[in-house]
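Trainee: The structure follows.
The values are calculated or read from the model by the stated rules, or taken from the named source; none is laboratory data. In this text the structure is predicted, and so the values were computed from the model without any measurement. Cβ coordinates were reconstructed from backbone atoms using ideal geometry, including for glycine residues, and neighbour counts include every protein chain displayed.
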């Protein structure tokens, strides 16, 4: 069943390139003939955050149909480019061309008058034409309306500015009739426990072979049975592209493969580098007789950094690089609104939640998954129940579903929820949230430089999510090795969650732990 679903949906998604080429020559009004499933509107109203949290960016999204664009530092509206559907969208919301332009002028004046704002910028770095054509191609293939990512504008905020200081600006921007949503965006951080504390490197002289310490590779239910998957053609992830979204990597590490894609500017920071290096080590650590061996060590890996772009932009660019059948991993979380779940540990990350809570990231993920790109997303380490009323159904799949695989964290041996893991109905699966042996940090082995750092203590939904990413790449590789199309993101999510090892009994739901042997067998691969 799942194999046939993957074949059918992926064969459709492989038409994307052809459709994209066709749309390059089409005006926006060409979409008027499509019957599309409507896109859920973003929430209105200020998202309340901690008063003293630093805000590097305010996000503004204009309504679909407004055709607002930022050219240089000036907002313009492409009146003549509006098709019948877009004119209808304006009419439904009581908007006119003149009212949209008046709201644009108000946005510009509010930003200019703010002592905290530093002008206007485009939220997504891809050029206008690419975003336009990708939107039309996605809608043509999926039959679903997706967000016009060109309608996102960012307002960079001066360093040190708090939510309390920009709240009034956000409220005024969000109240404008032409604005679908406006919100203050805290900084994204790696979803590693105790970030940014560093482990103390241990200097040893002999190079290690640590594969025997990678318990997550072993048989289910403790591990995901990667060892079994490696006995299956393609089960080590051959011909699958994986792109990690975060902020830094040690690309010259001795156990790191060559990378096919390196997008965005990295943060020049040891903490970010250790984190990204550890993540890729779990997935694609080279099978070479020393160090670690990645779950999908035959996959092609790359990265897209948030050092010079928004996280939403990085997700969109990573999806293009990974392509249909590939995997994007979001190794970030962000401080969300206060909620009603007690936080009893990992106090520095209380209320940190998955990135899809924010509309720009959600819209980027939706476009990726509708194009056949599997997105794996850390649930976050905020000790939060994602079903809490504070999130206003942002994680309720009956209200909106990004198509991503959201990953919680469990104990390495008992599959019990870690004290700090986010939980609820939204997480699909979980991985090891502690004791993960991989590259980076140097607490397990240090040969004298970052290129020889290894750790036995990687943790968080940051350590859990690469395990699931490796499992996803393994399944896609095994299917392709048999001449079958890769699974669609939704079908892959279903296979992983329905064949996994159940979590330990606990009121905090984190989903099962992937079991590659069971998943491969479900797909008819033995």
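Trainee: Is it the case, given these coordinates, that residue 296 is in contact with a strand residue (DSSP E or B) (Cβ under 8 Å, 6 or more places away or on another chain) and more than 30 Å from residue 507 (Cα to Cα)?
Mentor: yes
Trainee: Could you tell me which of the residues 160, 234 is out of contact with any helix residue (DSSP H, G or I) (no Cβ under 8 Å at 6 or more places or on another chain), part of a loop (DSSP other than H, G, I, E, B) and either closer than 27 Å to residue 514 by Cβ or in contact (Cβ under 8 Å) with a residue 40 or more places away in the chain (or both)?
Mentor: One residue alone meets the criteria, 160.
Trainee: Continuing with this model, one more query. Mind listing just one residue for me: the one in segment 499-524 that is out of contact with any helix residue (DSSP H, G or I) (no Cβ under 7 Å at 6 or more places or on another chain), in a loop (DSSP other than H, G, I, E, B) and in contact (Cβ under 8 Å) with a residue 40 or more places away in the chain and, of those, surrounded by the most Cβ atoms within 10 Å (Cβ to Cβ)?
Mentor: For segment 499-524, the residue satisfying everything is 510.
Trainee: Could I ask something else about it? Would you mind telling me which numbered condition in (1) in contact with a helix residue (DSSP H, G or I) (Cβ under 7 Å, 6 or more places away or on another chain); (2) assigned to a strand (DSSP E or B); (3) surrounded by fewer than 24 Cβ atoms within 10 Å (Cβ to Cβ) residue 457 fails?
Mentor: Just one mismatch for residue 457, condition (1).
Trainee: OK, next. Quickly run through segment 237-258 and pick out the residues that are assigned to a loop (DSSP other than H, G, I, E, B) and touching a helix residue (DSSP H, G or I) at 6+ places or on another chain (Cβ under 6 Å).
Mentor: 237, 238, 239, 240, 247, 248, 249, 250, 252, 253, 254, 257
Trainee: Sticking with this one: Residues that are outside the structural domain of residue 312 (by TED's automatic domain parsing), surrounded by fewer than 19 Cβ atoms within 10 Å (Cβ to Cβ) and outside any helix (DSSP H, G or I): does segment 164-176 have at least one?
Mentor: yes
Trainee: What do you reckon, is residue 352 more than 11 Å from residue 245 (Cα to Cα) and in contact (Cβ under 8 Å) with a residue 24 or more places away in the chain?
Mentor: yes
Trainee: Answer yes if at least one residue in segment 87-99 is crowded, with 17+ Cβ neighbours inside 10 Å, closer than 30 Å to residue 165 by Cβ and at pLDDT 95 or above, and no otherwise.
Mentor: So far as segment 87-99 goes, no, none of its residues is crowded, with 17+ Cβ neighbours inside 10 Å, closer than 30 Å to residue 165 by Cβ and at pLDDT 95 or above.
Trainee: Could you tell me whether segment 467-484 includes any residue that is at pLDDT below 95 and part of a loop (DSSP other than H, G, I, E, B)?
Mentor: no
Trainee: Among the residues of segment 114-123, is any assigned to a loop (DSSP other than H, G, I, E, B), modelled with pLDDT under 95 and surrounded by fewer than 19 Cβ atoms within 10 Å (Cβ to Cβ)?
Mentor: No, because not a single residue in segment 114-123 is assigned to a loop (DSSP other than H, G, I, E, B), modelled with pLDDT under 95 and surrounded by fewer than 19 Cβ atoms within 10 Å (Cβ to Cβ).
Trainee: Continuing with the same structure: Going by the structure shown, is residue 278 within 16 Å of residue 216 (Cα to Cα), touching a helix residue (DSSP H, G or I) at 6+ places or on another chain (Cβ under 7 Å) and touching a residue at least 24 places away in the same chain (Cβ under 8 Å)?
Mentor: no
Trainee: Still on this structure: When you go through 302, 281, 237, 326 one by one, which is the residue that is at pLDDT 95 or above and surrounded by fewer than 24 Cβ atoms within 10 Å (Cβ to Cβ)?
Mentor: Checking each option against the conditions leaves just 302.
Trainee: State all residues of segment 127-152 that are buried (at least 17 other Cβ atoms within 10 Å of the Cβ) and not in a helix (DSSP H, G or I); if no residue qualifies, say none.
Mentor: Result: 145, 146, 147, 148, 152.
Residue-by-condition table, conditions (1) assigned to a loop (DSSP other than H, G, I, E, B); (2) buried (at least 24 other Cβ atoms within 10 Å of the Cβ); (3) under 17 Å from the mean Cα position of the chain (by Cα):
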site	(1), (2), (3)
393	yes, no, no
399	yes, no, no
406	no, yes, yes
413	yes, no, no
419	yes, no, no
425	yes, no, no
431	no, yes, yes
438	no, yes, no
